[in-house]
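Colleague: I'd like to ask you about the structure that follows.
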Amino acid sequence: MAEEKWVLMVTAQTPTNIAVIKYWGKRDEVRILPINDSISVTLDPDHLCTLTTVAVSPAFDRDRMWLNGKEISLSGSRYQNSLREIRSRGDDVEDEAKGIKIAKKDWEKLHLHIASYNNFPTAAGLASSAAGFACLVFALAKLMNVHEDPSQLSAIARQGSGSACRSLFGGFVKWNMGNKEDGSDSVAVQLADEKHWDDLVIIIAVVSSREKETSSTSGMRESVETSLLLQHRAKEVVPVRMLQMEEAIKNRDFTSFTKLTCSDSNQFHAVCMDTSPPIFYMNDTSHRIISLVEKWNRTVGTPEIAYTFDAGPNAVLIARSRKVAVELLQGLLYCFPPKPDTDMKSYVLGDTSIVKEAGLERGGEAPQEIKDKIGSQDQKGEVSYFICSRPGKGPVVLQDQTQALLHPETGLPK
Ligand code: DP6
């Protein structure tokens, strides 16, 4: 086989996800087993996703990976564990047209090339590792003819990054913490698909941040070691919230969904403050966005917008309907207008039809009733940009070969 020169490739697209009941804290650092269950919403891959091409060829002399065009090392244990797990499940593959035959046992010897690309800035702190590991595992499973179902694949993606396991499904996803020592029951399952609650609109405010943030991995390790609040949260609070959140999603009960989402985000950040030394992920802009949403919901009387923040200052806002999303965007652009030299096309990304509907293509004034909902403020320049999205589908294989990130003959980045 060493003489042969063929290259076999698969390209896949995988969404990112945002937790509404947060994962924070591991009971096993190597297998990445959490101390509590969590729930997330998958974001539409049209707006935020990772694209990964995986290739195998007898001509490759070692495993290699490129992330956003730059070669990165695969020597870390998270990559090594994920690659080992998926390789051991590979099966026979035959491509008659190309005259390719790979036997199950060959996967241990054959080398891989992997190229991955995020359709959003990696540095923006938008869970790029979640989509990245999920896409790697999903694409390799297709290439290697792995028969495991998405939940079983989620247990492999989990070993790359915990939150990655929830990106194997679309819609609303639960990660069961499991209790087995080997982690085989710590898997993700789908609670409802993306069509179940499709009135929801998600607006992400990418907030400028000056400081280098503590990574989720080290932040949660420090919380496990020092925060008593985290112990209480994992034992007493999350189990009750999980049941309530599953009910809220099942019944599309936005009032309960908002209450739980906001409380859980706030408790996660309270745990960070309770960590020694304390960790601050949110900044003044994040706090201002919280106040804006709280005021809005109080003015209206029933919750219309939920907020949640991960390990960084970006706000993820979930609007109950498109009508609310249009008003919310008007309000946000009123409070956080683009800098004079920034045009709307580069300030609001994703589903820009909302910009049109809000009549904001060339900027513009927010109606008085919107100003009344948020109070008047002008925070120029503190938000880098917004992304409009919605709940979206899970991973897919892309059949269009022109979208592959690796060259079909050399297996090197295009
Ligand atoms: C705040 O999955 O990034 O986003 O498992 O160490 O890779 P590792 O951590 P990671 O943590 C995500 C934490 C969070 C909450 C969540 O997504 O549930």
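The values are calculated or read from the model by the stated rules, or taken from the named source; none is laboratory data. Quick caveat, the model's predicted, so the values are computed rather than measured. Every residue, glycine as well, gets a Cβ built from its backbone with ideal geometry; the counts of neighbours run over all protein chains shown. Heavy atoms of the whole protein, side chains included, go into the accessibility calculation; ligands, DNA and RNA do not. Shrake-Rupley method; radii C 1.70, N 1.55, O 1.52, S 1.80 Å.
Colleague: Say we look at segment 195-226 and pick out the residues that are within 14 Å of the ligand (Cβ to nearest atom) and over 20 Å from residue 308 (Cα atoms); which of these is surrounded by the most Cβ atoms within 10 Å (Cβ to Cβ)?
Modeller: My answer is 224.
Colleague: While we're on this one: If you scan segment 315-358, which residues turn out to be touching a helix residue (DSSP H, G or I) at 6+ places or on another chain (Cβ under 7 Å), open to solvent by 20 Å² or more (accessible area, probe 1.4 Å) and part of a loop (DSSP other than H, G, I, E, B)?
Modeller: 320, 338, listed by residue number.
Colleague: Here is a check on your reading of the model: is residue 181 open to solvent by 20 Å² or more (accessible area, probe 1.4 Å), touching a Gly at 6+ places or on another chain (Cβ under 7 Å) and either more than 13 Å from the ligand (Cβ to nearest atom) or closer than 30 Å to residue 354 by Cα (or both)?
Modeller: Against the criterion (open to solvent by 20 Å² or more (accessible area, probe 1.4 Å), touching a Gly at 6+ places or on another chain (Cβ under 7 Å) and either more than 13 Å from the ligand (Cβ to nearest atom) or closer than 30 Å to residue 354 by Cα (or both)), residue 181 does not qualify.
Colleague: Report, by residue number, each residue of segment 1-26 that is within 12 Å of the ligand (Cβ to nearest atom) and among the charged types (D, E, K, R).
Modeller: The answer is 22, 26.
Colleague: I'd like the full set of residues that are among the charged types (D, E, K, R) and buried (at least 16 other Cβ atoms within 10 Å of the Cβ), limited to segment 230-244.
Modeller: 233, 241
Colleague: Somewhere in segment 131-146, is a residue modelled with pLDDT of 95 or more, part of a loop (DSSP other than H, G, I, E, B) and among the polar types (S, T, N, Q)?
Modeller: Checked segment 131-146: at least one residue is modelled with pLDDT of 95 or more, part of a loop (DSSP other than H, G, I, E, B) and among the polar types (S, T, N, Q).
Colleague: Within segment 318-343, can you find the residues that are in contact (Cβ under 8 Å) with a residue 60 or more places away in the chain and either within 16 Å of the ligand (Cβ to nearest atom) or not hydrophobic (A, V, I, L, M, F, W, C) (or both)?
Modeller: Correct list: 318, 320, 321, 322.
Colleague: All but one of (1) open to solvent by 70 Å² or more (accessible area, probe 1.4 Å); (2) more than 16 Å from the ligand (Cβ to nearest atom); (3) within 21 Å of residue 158 (Cβ to Cβ) hold for residue 90; state the number of the condition that does not hold.
Modeller: That leaves (1) as the condition not met.
Colleague: While we're on this one: Could you tell me how many of the residues in segment 268-306 are open to solvent by less than 20 Å² (accessible area, probe 1.4 Å) and either away from the ligand (no atom under 14 Å from the Cβ) or more than 24 Å from the chain's Cα centre (by Cα) (or both)?
Modeller: Counting residues in segment 268-306 that are open to solvent by less than 20 Å² (accessible area, probe 1.4 Å) and either away from the ligand (no atom under 14 Å from the Cβ) or more than 24 Å from the chain's Cα centre (by Cα) (or both) gives 8.
Colleague: A further question follows. Answer yes if at least one residue in segment 235-252 is farther than 22 Å from residue 130 by Cα, touching a helix residue (DSSP H, G or I) at 6+ places or on another chain (Cβ under 7 Å), at pLDDT 95 or above and not in a helix (DSSP H, G or I), and no otherwise.
Modeller: Taking every residue of segment 235-252 in turn, none turns out to be farther than 22 Å from residue 130 by Cα, touching a helix residue (DSSP H, G or I) at 6+ places or on another chain (Cβ under 7 Å), at pLDDT 95 or above and not in a helix (DSSP H, G or I).
Colleague: Further question: Could you check residue 126 against (1) of a type outside the set (Gly, Ala, Ser); (2) under 13 Å from the mean Cα position of the chain (by Cα); (3) not in a loop (DSSP other than H, G, I, E, B) and say which number it fails?
Modeller: All conditions pass for residue 126, except number (3).
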